[in-house]
């Protein structure tokens, strides 16, 4: 590695000093230019609305309820964020969730030690993710088509495996993943928080995370600059498969059964959370923090509309309009 | 030969920068008139004025002696001007008939298409060209030449009497070019005036009657083909400019080791086979016309595309790159031609752009050391004298020159030794150009070896220690030292075969 001759002298020039000084520019600037600004405002606004419209919105029990309800969608939405950040999409998550959960339940009922069965559940999710990624990266097929196909394949496999019936009768302690508590905090919430922390660190602090954003920003330039783009794509879809499988573990524990028909439409909920969280559907901009906010926002809406006693049919219409409004406010602001 | 088109004293400036000044052009009925000039000489601007896309600041356009003012493209078409651009405006999934009548379909009282009638009209036009084209298949199944004929037919069906062909042969095989010339001669016989833009002097001598030469937006002159030769044309095109603003070239040391030896590269099966080598510390130019295979060769070498055959050695060791990341591991990088599309990640800050391909340098265990990354970025920003608020500045807000410096900085920060610069100064101002030249020269002093692809002759002449001149995918000549002159480079780039025969 050659060193610049002028580096030492240049480092003392006035411009250099002002550069280093500005690098720690205020947190105000950070928030103002951050993609999570609007989602955050939305979350606060909706929460305030709920505080006034309902009696016990801010109670610990209710908040934990909301968080537990959103946990499965929020966990799936982590992987979805990675995929959407690169400009892709993963439609297979709902079906893979059902397949992984059903197979795990079946194996446990068949006598396999739950630890192994749950590891296998994770492996199924990972396997589908890797497969999706390979088809997108190396076979150069559009993500929307690949995952539409694997969505059908996973759903079908789950139905074949179970004969179409829910599988129940697994060891009781598996329920801990869905219904357990640690210091009054539901286990799914803890899993969710830990998963988000890991995802945030990966995206913000590792080279791979930088590649995710770079890929979404300009795939061609990223490839030409020497980043192994195809490998990154496979890992990104693998993450989506893995977070889906983690959600499957929670779901299995929650329902104490494997439901081959579970997870229908979950891909849309996850996409909604990602997009509400400020991540650009075209890729390159966004964050998992935003996605968590988006998922919680959706959960609060559900919860609040329930508490207000609004007809469930009407609720879906309201949610649709709120998503449209949010995307409208958040579109291409620069 | 009656005067059909007469253009006088055209002036045009873009945001204060003069791009055309005092340009004349006259085309007679039944004349094929070549418009010649280097890249950036103003040919395209003049053509866009002629077809109403740009307005002119001063000057007159007369057709049949009558002064015309084109407010838009439709007005020019109305006046009898037809243009076939380099990039066709045809829809690949539609048939020839559908393309010719796109937007002005003939239909009956029920709003249904009169297909037979449109077909008859299309046939009649194509008959005029004396060519035979399958009218019933989507045009994507036709050859490039045939698609071009459809473009010409489309212009003729709009009653064009002046036809502008913008580098029509650039994408054609020699046989196809002959077919095009036959069509052009037929139109000439029918009294159509044709403006033919081409860089290939041999073609111009084959088909044209007169030649108008532009240089740096100025009118140089109009000559009869019969009364001129290649040497005087090249002289008219390049003038007697001397290269300014270039750092001095060091003495050539032929004893420096060869760092990159491309023994053989063939991009496509049956295509031309090239070989070149790069010595340590030199700037090797890839000169030639746009589309002559320079960029494609560079992309093939670094594995961004998959060449049909490629044998190369880096520091004497045979390598095989399937991916730019492989080339990077051997210390080879490329700064692409279009910064925004291929170079920068525009949503990223300066720092993130600079460090994208060398993050491992600041990565301990699995985490990026951001303080170290920041420090290193500030360091390279100083080395390229980048004018930016700081490492956190979004690159989208920078000027073209500073954006190019971001891309340069990315590689400066890396352990690469060999760099391909593809059009490194395109679209940046004079001051920044000089800085980029200085940076490149400094890099070679520190042991970098550079391949510079450029369409700007002064840059090739002013910067390069050796020059490979490309013509139609083939390296026709490698010039060294004093032999690198604008005229020599232009000669091999435009008229390789004629020269070889002479």
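The values are calculated or read from the model by the stated rules, or taken from the named source; none is laboratory data. Predicted model only: the values in this text are computed from it and were never measured. Neighbour counts are summed over all protein chains in view; Cβ atoms, including those assigned to glycine, are modelled from backbone coordinates with ideal geometry.
A quick yes/no check of all residues on (1) at pLDDT 95 or above; (2) at negative phi:
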position	(1), (2)
A:110	no, yes
A:129	yes, yes
A:137	no, yes
A:150	yes, yes
A:153	yes, yes
A:163	no, no
A:169	no, no
A:175	no, yes
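Take residue B:292 and decide whether it is within 22 Å of the chain's Cα centre (by Cα) and not in a helix (DSSP H, G or I).
On the way: within 22 Å of the chain's Cα centre (by Cα): yes; not in a helix (DSSP H, G or I): yes.
The answer is yes for residue B:292.
Please determine, by comparing only the residues of segment B:133-154 that are surrounded by fewer than 22 Cβ atoms within 10 Å (Cβ to Cβ) and farther than 30 Å from residue B:473 by Cα, which one is modelled with the highest pLDDT.
Checking each candidate, the answer is B:137.
Only one residue in A:76, A:63 is out of contact with any helix residue (DSSP H, G or I) (no Cβ under 9 Å at 6 or more places or on another chain) and surrounded by 16 or more Cβ atoms within 10 Å (Cβ to Cβ). Which one?
Just a single option satisfies the conditions, and that option is A:63.
Going residue by residue through segment B:342-349, is there one that turns out to be in contact (Cβ under 8 Å) with a residue 60 or more places away in the chain, outside any helix (DSSP H, G or I) and out of contact with any strand residue (DSSP E or B) (no Cβ under 6 Å at 6 or more places or on another chain)?
Keep residues of segment B:342-349 that are in contact (Cβ under 8 Å) with a residue 60 or more places away in the chain, which gives B:343-344.
Adding the requirement that they be outside any helix (DSSP H, G or I) leaves B:344.
Still in the list and also out of contact with any strand residue (DSSP E or B) (no Cβ under 6 Å at 6 or more places or on another chain): B:344.
For segment B:342-349, residues in contact (Cβ under 8 Å) with a residue 60 or more places away in the chain, outside any helix (DSSP H, G or I) and out of contact with any strand residue (DSSP E or B) (no Cβ under 6 Å at 6 or more places or on another chain): present.
Within segment A:103-119, does at least one residue satisfy the condition of being under 22 Å from the mean Cα position of the chain (by Cα) and free of Cβ contacts under 8 Å to residues at least 60 places away in the same chain?
Yes, segment A:103-119 has at least one match.
Which of the numbered conditions does residue B:324 fail, given that it passes all the others? Conditions: (1) surrounded by 14 or more Cβ atoms within 10 Å (Cβ to Cβ); (2) within 14 Å of another protein chain (Cβ to nearest Cβ); (3) under 23 Å from residue B:173 (Cβ atoms).
Result: residue B:324 fails condition (3) only.
For segment B:166-175, does any single residue satisfy the condition of being without any contact (Cβ under 8 Å) to a residue 60 or more places away in the chain, crowded, with 21+ Cβ neighbours inside 10 Å, touching a helix residue (DSSP H, G or I) at 6+ places or on another chain (Cβ under 9 Å) and not assigned by TED's automatic domain parsing to the domain that holds residue B:290?
Yes, because at least one residue in segment B:166-175 is without any contact (Cβ under 8 Å) to a residue 60 or more places away in the chain, crowded, with 21+ Cβ neighbours inside 10 Å, touching a helix residue (DSSP H, G or I) at 6+ places or on another chain (Cβ under 9 Å) and not assigned by TED's automatic domain parsing to the domain that holds residue B:290.
Restricting attention to segment B:289-304, and to residues there that are closer than 19 Å to residue B:419 by Cβ and away from chain A (no Cβ under 11 Å), which single residue is surrounded by the fewest Cβ atoms within 10 Å (Cβ to Cβ)?
B:296
For segment A:125-141, name all the residues that are within 19 Å of residue A:94 (Cβ to Cβ) and surrounded by fewer than 23 Cβ atoms within 10 Å (Cβ to Cβ).
Within segment A:125-141, A:126, A:127, A:130, A:131, A:135 qualify.
Within segment A:123-173, count every residue that is assigned to a helix (DSSP H, G or I) and farther than 27 Å from residue A:110 by Cα.
Counting residues in segment A:123-173 that are assigned to a helix (DSSP H, G or I) and farther than 27 Å from residue A:110 by Cα gives 15.
Given the structure, is residue B:407 at the interface with another protein chain (Cβ under 9 Å from one of its Cβ atoms), under 17 Å from residue B:336 (Cβ atoms) and either outside any loop (DSSP other than H, G, I, E, B) or touching a strand residue (DSSP E or B) at 6+ places or on another chain (Cβ under 8 Å) (or both)?
For residue B:407, the condition - at the interface with another protein chain (Cβ under 9 Å from one of its Cβ atoms), under 17 Å from residue B:336 (Cβ atoms) and either outside any loop (DSSP other than H, G, I, E, B) or touching a strand residue (DSSP E or B) at 6+ places or on another chain (Cβ under 8 Å) (or both) - is met.
Quick one: is residue B:407 within 32 Å of the chain's Cα centre (by Cα), surrounded by 19 or more Cβ atoms within 10 Å (Cβ to Cβ) and modelled with pLDDT of 85 or more?
The answer is yes for residue B:407.
How many residues does segment A:174-233 hold that are more than 10 Å from chain B (Cβ to nearest Cβ) and in a loop (DSSP other than H, G, I, E, B)? Talk me through it step by step, then tell me what you get.
First, the residues of segment A:174-233 that are more than 10 Å from chain B (Cβ to nearest Cβ): A:174-200, A:203, A:212, A:232-233.
Applying the additional criterion that residues be in a loop (DSSP other than H, G, I, E, B) yields A:180, A:183-184.
Total satisfying the criteria: 3.
Can you tell me which of (1) in contact (Cβ under 8 Å) with a residue 40 or more places away in the chain; (2) in a helix (DSSP H, G or I); (3) farther than 21 Å from residue A:228 by Cβ is the one residue B:391 doesn't meet?
Every condition holds for residue B:391 apart from (2).
For segment B:340-350, which positions are more than 9 Å from chain A (Cβ to nearest Cβ) and either surrounded by fewer than 23 Cβ atoms within 10 Å (Cβ to Cβ) or under 18 Å from the mean Cα position of the chain (by Cα) (or both)?
B:349
What is the one condition in (1) assigned to a strand (DSSP E or B); (2) more than 7 Å from every other protein chain (Cβ to nearest Cβ) that residue B:333 does not satisfy?
Failed condition: (2).
So for segment A:270-283 (the condition being buried (at least 20 other Cβ atoms within 10 Å of the Cβ) and closer than 21 Å to residue A:153 by Cβ), does at least one residue qualify?
Yes, that holds for at least one residue.
If residue B:318 satisfies all but one of (1) over 25 Å from residue B:461 (Cα atoms); (2) crowded, with 17+ Cβ neighbours inside 10 Å, what's the number of the condition it fails?
With respect to (1) over 25 Å from residue B:461 (Cα atoms); (2) crowded, with 17+ Cβ neighbours inside 10 Å, residue B:318 is out only on (2).
Testing residue B:359 on (1) modelled with pLDDT under 90; (2) at the interface with chain A (Cβ under 9 Å from one of its Cβ atoms); (3) under 31 Å from the mean Cα position of the chain (by Cα), one condition comes back false. Which one is that?
Going through the list (1) modelled with pLDDT under 90; (2) at the interface with chain A (Cβ under 9 Å from one of its Cβ atoms); (3) under 31 Å from the mean Cα position of the chain (by Cα), residue B:359 breaks only (3).
Could you tell me whether segment B:282-305 includes any residue that is on the phi > 0 side of the Ramachandran plot and in contact with a helix residue (DSSP H, G or I) (Cβ under 7 Å, 6 or more places away or on another chain)?
yes
Suppose the filter is surrounded by 23 or more Cβ atoms within 10 Å (Cβ to Cβ), within 25 Å of the chain's Cα centre (by Cα) and either closer than 30 Å to residue B:257 by Cα or facing chain A (nearest Cβ under 9 Å) (or both); does residue B:438 pass it? Let's see the steps before the verdict.
Details: surrounded by 23 or more Cβ atoms within 10 Å (Cβ to Cβ): no; within 25 Å of the chain's Cα centre (by Cα): yes; either closer than 30 Å to residue B:257 by Cα or facing chain A (nearest Cβ under 9 Å) (or both): yes.
Criteria not met by residue B:438.
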